[in-house]
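Please read the structure below before turning to the comments.
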Amino acid sequence: LMVLIALSGCSTINKLSEYNIEGTNIAMDMMIPPEPSVIVDYNNVDMKGDPLLAAVSIGTNLVKAGQAQEAEEKLLRALDGLYIPEYAAELTYDRIVKQLDARMIKDFSDADIILEIDIEEYGIEAYSWSGNVSMIFEMTARFYHIDDNEIIWQRKIDVEREITPGFFGYDQLVGNVVSIAALNNLDEEELSEGFRALTHEIMQETIRILRSDIRDARKR
């Protein structure tokens, strides 16, 4: 079962109905993005009053933590090589400009509007070494009106996509659950291919939400 969760907060700023931005010159400004993140959480050790059981549990967790660190480093290298923030910003810019029948402008001095793209977080998240893994993406997009010197529209998007074997090929991953342990068995090229497919799907949903919000905001 493939799961895509899109958590999109309401526009914190929405003045699009007061402006006619169709056909305008729009430049894009991407904020400096963060590094990709790989977050793996572990359950606390439950001693249950048994010191021997606690020692075994602690030892097992230490082994898993060591394996996870190696896996996290591999995952980070695969994610970092995809230039996800740059891809996300350029794709968003292209789709929104086309929606508005506007013109893409490189020089800010020739622009009427600046589309600011702020990639706030992206990467991999898991709640255990052997549990489900999700790809997360968080971005804020806003329109800055140059002449009026104000932000006239802003929207924040949070998307979480549960990773399934199909993204990496069923020959590489068997079963319904993709874990950090399973991903660690793939090489960096296989990981990159899977993450690239995931990023494409996440961006399709992100842009769909942004375009829908702009369309609705202009009617208000």
Check your understanding: Within the stretch 185-205, can you find the residues that are under 15 Å from Gly123 (Cα atoms) and open to solvent by less than 50 Å² (accessible area, probe 1.4 Å)?
Key -> Leu191, Ser192, Gly194, Phe195, Ala197, Leu198, Thr199, Ile202, Met203
Review point. Going through the stretch 11-32 one residue at a time, which ones are among the charged types (D, E, K, R), modelled with pLDDT under 95 and surrounded by 14 or more Cβ atoms within 10 Å (Cβ to Cβ)?
Key: Lys15
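To keep it simple, each residue is scored yes or no on (1) touching a strand residue (DSSP E or B) at 6+ places or on another chain (Cβ under 9 Å); (2) open to solvent by less than 50 Å² (accessible area, probe 1.4 Å); (3) touching a residue at least 40 places away in the same chain (Cβ under 8 Å); (4) not in a strand (DSSP E or B).
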{"site": "Tyr122", "(1), (2), (3), (4)": "yes, yes, yes, no"}
{"site": "Ser128", "(1), (2), (3), (4)": "yes, yes, yes, yes"}
{"site": "Arg142", "(1), (2), (3), (4)": "yes, yes, yes, no"}
{"site": "Trp153", "(1), (2), (3), (4)": "yes, yes, yes, no"}
{"site": "Lys156", "(1), (2), (3), (4)": "yes, no, yes, no"}
{"site": "Val159", "(1), (2), (3), (4)": "yes, yes, yes, no"}
{"site": "Gly169", "(1), (2), (3), (4)": "no, yes, no, yes"}
**Study point:** Members of the stretch 81-117 that are under 30 Å from Asn184 (Cα atoms) and open to solvent by less than 80 Å² (accessible area, probe 1.4 Å)
**Key:** Gly81, Leu82, Ile84, Pro85, Glu86, Ala88, Ala89, Leu91
Revision key, fill the gap. Selection from the stretch 92-136 of residues aromatic (Phe, Trp, Tyr), modelled with pLDDT under 95 and in contact with a helix residue (DSSP H, G or I) (Cβ under 7 Å, 6 or more places away or on another chain) yields Trp129
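The values are calculated or read from the model by the stated rules, or taken from the named source; none is laboratory data. Everything numeric in this text was worked out from a predicted model, so none of it was measured. Cβ: placed from backbone, ideal geometry, glycine included. Neighbour counts: every protein chain shown. The area values use the complete protein model at the heavy-atom level, side chains included, leaving out ligands, DNA and RNA. Shrake-Rupley method; radii C 1.70, N 1.55, O 1.52, S 1.80 Å.
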